[in-house]
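Following: one structure in structure tokens, then a few remarks.
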């Protein structure tokens with residue numbers, strides 16, 4: 001499970017998969033208008049991509065943001081193996097500072113262990129410059145990359161072609177390097193994923209709802225059962241999140257892990273308790 005956070009995340013996923021997996025919103029705001037989730041085959045393995053609406057960098061109404069954060073939570077439960085933070089290769093401005101400040105505010109130390117920074121608009125890099133050199137030009141960017149263990153990559157969805165003389169400035173090379181980094185994170189965490197009380201509670205509720213649906217509607221396919229279970233749990237989450245701020249929900253999603261778990265050991269805690277803690 002890979003959660004993509006930040007600008008034009010849909011374009012990143014499409015480049016990774018080599019096909020238009022997600023629809024890209026070409027408005028001046030974020031590349032994705034709402035949370036999208038889809039399984040795709042990448043290098044011989046099935047990966048669930050959860051592409052967010054750019055909630056770390058776009059001004060959106062509180063209730064709209066709350067809904068999208070909860071969609072991300074129910075799609076990635078019991079927790080993601082990788083967080084991809086998407087930033088642009090561009091001049092460091094007050095806007096970029098605000099984005100990085102928001103990341104630092106909500107990301108726990110544990111989340112950074114599972115995080116990679118990926119830059120878009122690689123054609124904005126001066127000729128011969130690598131992304132690590134670009135990052136060094138900004139103290140804030142450098143500090144962020146250090147928190148992520150130095151993991152950063154760059155692609156360009158528009159101009160970089162795979163037949164140029166400079167291998168570094170090709171998506172083919174950069175995607176291969178990114179996949180290596182993803183494997184390194186998964187190996188370092190022994191196949192485990194980031195989780196916390198809220199994420200485990202949501203997974204438990206989904207599993208319980210699936211069991212109820214299988215009993216009441218045995219003719220449903222597994223996909224139909226899973227979809228309906230997630231829809232039901234999502235409605236319940238919206239109800240429980242009434243009065244909870246967007247910041248509290250982000251803190252609940254990205255807050256400290258209770259443990260790094262492997263798939264077969266996932267156990268849940270009550271979502272109501274997790275949301276209650278977030279609200280407090």
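The values are calculated or read from the model by the stated rules, or taken from the named source; none is laboratory data. Values in this document were obtained by computation on a predicted structure and should not be read as measured data. Note: ideal-geometry Cβ built from the backbone for every residue, glycine included; neighbour counts use all protein chains shown.
Would a scan of the range 162-170 turn up a residue that is farther than 19 Å from residue 126 by Cβ and part of a helix (DSSP H, G or I)? No, the conditions are met nowhere in the range 162-170. Entry remark, the range 84-132: residues being surrounded by 13 or more Cβ atoms within 10 Å (Cβ to Cβ) and at positive phi number 1 in total. Looking at the structure I just gave you, is residue 181 modelled with pLDDT under 95 and either surrounded by 12 or more Cβ atoms within 10 Å (Cβ to Cβ) or under 19 Å from the mean Cα position of the chain (by Cα) (or both)? Taking the combined requirement at face value, the residue does not satisfy it. Hey, does the range 137-146 have a residue that's surrounded by 16 or more Cβ atoms within 10 Å (Cβ to Cβ), in the same structural domain as residue 88 (by TED's automatic domain parsing) and outside any helix (DSSP H, G or I)? Yes, the range 137-146 contains at least one residue that is surrounded by 16 or more Cβ atoms within 10 Å (Cβ to Cβ), in the same structural domain as residue 88 (by TED's automatic domain parsing) and outside any helix (DSSP H, G or I).
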